[in-house]
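Derivation of every value follows stated rules applied to the coordinates shown; laboratory data play no part. Predicted, not measured: the structure shown is a model, and the values here were computed from it. Glycine gets a Cβ as well: all are built from the backbone with ideal geometry, and neighbour counts include every protein chain shown.
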Amino acid sequence: MILLTFNMMNMEAETKNGIQISNEERLKITEDNTKAILRILDIHDIKATFFVEISIAEKCKNLIKAISGRGHEIAFYNKNSSLQDIEQTKKSMQDFLEKQVRGIRQKDLKLPSEDLKLLEFNYISNIDNANILFPLKRLERNTEIVEEEGISIVPESISPYSQLPYNDFVFQMLPMNYYQNMVFETLKNEEFVLIYLNTWQFTDFKKYKFKIPFYRRLFSGRKMEDKLDALLSWINEKELATSRMKDYIF
């Protein structure tokens, strides 16, 4: 099973040469990138899970409604929000969507699973920082879903052959043929492959002068759209099964 997920968040990097990009403009970039992703998903009729960063959820309700209306799952991405903020946003979004928000993703700040269970989340998707050093590491960790305090903990997927994680950086940098082979071989040994990308990777960095490392600019923007399109075409061609997170876990 392929679990395709997207982290919907604003680009927070500084800008070059004193150019100003307001918070409103950053949100507009995020929304435009998300719409580009939705178009590609629609073309291939594949459903995904969108992890919306807590701080922007209330600001893009209409887009979130459109994502949910197309059959995709809405979950949350917690960057640095408090439990109270998460609880308030979860209640507001559930009332708005008239659907339960079951999942939450964490990276740098990892809140206790028992606290998230009290907020009625059903699963936690924990991810790590992704940078240029990842290909140099041999990663050894559990890739199976486990139960903790009555909540499912979903780890990152790792290729058992290359030992590369299926994170945003690896997708952006690897040639698509190699990536596809990695997915295919992993599915022979693992029950699922969890793939995650960030909406900001679809930004046109020639147009928007953010100060980011050169390797993060490579294959971004339209090239990311083309890579996603190629992956989804391959998934359908090989008749590989895909699922939203909540459907697979429950």
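So if we plug the beta-carbon distance of PHE214 and LEU109 into 1/(1 + (r/R0)^6) with R0 = 22 Å, what FRET efficiency do we get, rounded to 0.05? Each step should come with its number before you reach the end.
Values: r = 28 Å, r/R0 = 1.28.
Approximately 0.20, to the nearest 0.05.
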Q) At what distance in nm do the modelled label points of ASP45 and GLU191 sit from each other, each positioned 7 Å from its Cα along Cα→Cβ? A) 2.8
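Which of the peptides 62-68, 51-57 is most tightly packed, and how do the rest follow, judged by the mean count of other Cβ atoms within 10 Å per residue?
51-57, 62-68
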Q) Applying 1/(1 + (r/R0)^6) with R0 = 25 Å to the Cβ-Cβ distance of LYS28 and ASN236, what FRET efficiency is obtained, to the nearest 0.05? A) 0.20
Q.
For the pairs LYS47/LYS99; LYS28/LYS61; LYS65/LYS209; LYS90/LYS110; LYS65/LYS107; LYS16/LYS227, flag any whose C-alpha to C-alpha distance is greater than 23 Å.
A. LYS65/LYS209; LYS65/LYS107; LYS16/LYS227
Q: Assign one of three labels to segment 8-87, namely rounded, prolate or oblate, based on the Cα gyration tensor with a ≥ b ≥ c the square roots of its eigenvalues; rounded applies when a/c is under 1.5, prolate when it is not and a/b is larger than b/c, and oblate otherwise.
A: oblate
Q. Check GLU148: other-chain or 5+ apart residues with amide H under 5 Å from its amide H, H built from backbone geometry?
A. ILE153
Q. Quick one: length gained pulling LYS65 to LEU119 fully straight, 0.36 nm per residue minus the C-alpha distance?
A. 17.3 nm
Q. Counting pairs of alpha carbon atoms under 8 Å apart in space and at least six apart in sequence, what relative contact order in percent does the chain give?
A. 28
**Q.** D_trans [Stokes-Einstein, Kirkwood Rh over alpha-carbon pairs] for the chain, 37 °C, 0.692 mPa s, µm² s⁻¹
**A.** 177
Q | Built amide H within the under 5 Å cut-off of TYR77, gap 5+ | A | VAL52, GLU53, ILE54, ARG105
**Q.** Built amide H within the under 5 Å cut-off of THR242, gap 5+
**A.** ILE2
Q | Karplus-derived 3J(HN,Hα), 6.51/-1.76/1.60, for each residue of segment 241-248, Hz, glycine and proline x | A | 6, 10, 7, 6, 4, 5, 5, 5
